[in-house]
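To start, the structure itself, in structure tokens.
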Amino acid sequence: MRRSRRLPADLGLNRLAAARARLDPIPCDLTSSNPTACGLAYPPDLLAALAAPRGLRYQPDPRGPAPARAAVAAAYRGWGLELDPDRVVLTASTSEAYGFLFRLLADPGDTVLVPSPSYPLFAQLGRLDGVRTAAYELDREARWRLDLGALAAAPPRTRAMIVVHPNNPTGSFVHPEDARADEVFLPYPLEGGPGAGSSFAGVADCLCCSLGGLSKSAGLPQLKLAWIVVSGPEPEVTAALEGLDYVADAYLSVSSPVALAAPELLARGAVVGAAIAERCAANLASLRRLAAAAPAVEVPPVGGGWSAVLRVPALADDETLCLELLERHGVALHPGHLFGFDRPGFLVASLL
């Protein structure tokens, strides 16, 4: 079979993934980002709303049921924003939301700018949609701020720019002077910093699409519900929503029971979000205490999110170091190169 060039030529496991598979279960897995597998207490009846009889009736809407969109809009009041629910588009995941936006904004072969270091999924999602991705660097000496000067070198067919607020794994918030953002980790401020506690969903001077979802806000990745909030000048917002209606109507991927339960899930899931925030803060404090006893290890400031970066002596490449930690000590960490760190000496740990 000839596979599409949208897929990598080699789909096999790298040596670190192969070692993880051999050692499963891993004695000390510091890579887990699955809140449902980390011993957190969930209300036992949290999913009861999924059984509501109204979910038996199918009433497709490209943007999702109006009550769900209203509940998403209401959630943004915590960041001081009053949003129009008609500017909310529901999707089955933030990954799908990126796909919708790529199809809205870019033709095959166009470029979307993505941050580096950051979550490695962007290039994969772009490739699957026939969109090129080009990295722009975050300045580690300025607490991972955007290098706005470097953006002038963007490829000529650049159609959009992705920023993450706070970024994964650096935990850095987008500075108020710099940006628009994917905000799935916004409810987890940790040590804070410029931009913490603010959403870009109210941007008015340019087209901005802000992403969020139940996966992070309520610790419910298995329910597959996310959203896009569209903001900016009215003509551009109208055109964007018309385009998103067309794309979303082709898939109608959002599950009716989940969408109809969204108001209750968002409200009652807040207790899970609070537990995740408490867990991450406690683990970050423990990590800092341990690092203080090991002068060769540094934990840079963590503005928010679920991850922490460790700077370690660059005695070997990050993948080799992670492989040795895994095979000799049963400890799993992510190598920095997975997230686009441009030099050895960076490891990434989950705070869950």
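The values are calculated or read from the model by the stated rules, or taken from the named source; none is laboratory data. Just so it is clear, the structure is predicted and the values come from calculations on it, not from any experiment. Note that each Cβ is placed from the backbone with ideal geometry, even for glycine, and that neighbours are counted across all protein chains shown. Calculation scope for accessible area: heavy atoms of the full protein, side chains included, ligands and nucleic acids excluded. Shrake-Rupley method; radii C 1.70, N 1.55, O 1.52, S 1.80 Å.
Can you give the extra length, in nm with one decimal, that the chain gains between residue 50 and residue 14 once fully stretched, where that is 0.36 nm per residue apart less the Cα-Cα distance?
9.1 nm
DSSP H helices in the chain with Cα extent of 27 Å or more along the helix axis and mean Kyte-Doolittle hydropathy at least 0.0?
270-292
Could you let me know the centre-to-centre spacing of the range 5-29 and the range 215-248, using Cα atoms, in angstrom?
Each part reduced to its Cα centre gives a spacing of 32 Å.
Got a sec to turn the phi values of the range 336-352 into Karplus ³J(HN,Hα) couplings, 6.51 cos²θ - 1.76 cosθ + 1.60 with θ = phi - 60°, whole Hz, x for Gly and Pro?
x, 5, 4, 9, x, 4, 8, 8, x, x, 10, 10, 10, 10, 6, 9, 6
Rounded to the nearest 0.05, what FRET efficiency is calculated for residue 342 and residue 32 with R0 set to 22 Å and r the Cβ-Cβ distance?
Efficiency for this residue pair is about 0.30.
Go ahead and run the numbers for FRET between residue 246 and residue 150, Cβ-Cβ distance against an R0 of 30 Å, rounding to 0.05.
Plugging the Cβ-Cβ distance into 1/(1 + (r/R0)^6) gives 0.30.
In nm, to one decimal, how far is the modelled label at residue 40 from the one at residue 5, with both set 7 Å along Cα→Cβ?
It works out to 4.2 nm between the two label points.
Could you pull out every residue, at least 5 positions away or on a different chain, whose amide H is within less than 5 Å of the one on residue 29? Hs are placed 1.01 Å off N in the peptide plane, and Pro or chain starts have none.
Residues meeting the amide H criterion: 332.
Please report the relative contact order for the range 56-106, taking Cα pairs under 8 Å with a sequence separation of at least 6, and give it as a percent rounded to a whole number.
Rounded, it is 33 percent for the range 56-106.
How much length is gained if the chain between residue 21 and residue 264 is pulled fully straight, taking 0.36 nm per residue apart and subtracting their Cα-Cα distance, in nm to one decimal?
My answer for the length gained is 83.7 nm.
Can you give me the P(r) profile for the chain? Cα pairs, bins 20 angstrom wide beginning at 0, each as a whole percent.
28, 59, 12, 0
Tell me the trypsin sites (Lys or Arg not before Pro) within the range 31-128 that lie in a loop according to DSSP and have at most 11 other beta-carbon atoms within 10 Å.
Within the range 31-128, the qualifying trypsin sites (Lys or Arg not before Pro) (loop, at most 11 other Cβ atoms within 10 Å) are 57.
So with the 1.4 Å probe, I'd like the accessible area per residue for the chain, rounded to whole Å².
Per residue, the chain has an accessible area of 48 Å².
How much of the accessible area of the chain, in percent, comes from carbon and sulfur atoms when a 1.4 Å probe is used?
Whole-percent figure for carbon plus sulfur exposure: 56.
Relative to the Cα centre, what is the charge dipole magnitude of the chain, using +1 at the beta carbon of each Lys and Arg, -1 at the beta carbon of each Asp and Glu, and rounding to the nearest 20 debye?
800 debye
Give me the one-decimal nm value for the distance between modelled label points at residue 236 and residue 222, 7 Å along each residue's Cα-to-Cβ direction.
According to this spin-label approximation, the distance is 4.1 nm.
Hey, how many Å between the Cα centroid of the range 97-111 and the Cα centroid of the range 305-344?
The two parts, judged by their Cα centres, are 32 Å apart.
Quick one: work out the % antiparallel among DSSP beta bridges in the chain, nearest 5.
Expressed as a percentage, antiparallel bridges in the chain total about 60.
Can you list the HN-Hα couplings for the range 131-141, worked out from phi with the Karplus curve (6.51, -1.76, 1.60; θ = phi - 60°), rounded to whole Hz and with x for Gly and Pro?
10, 7, 10, 10, 7, 10, 7, 9, 7, 5, 6
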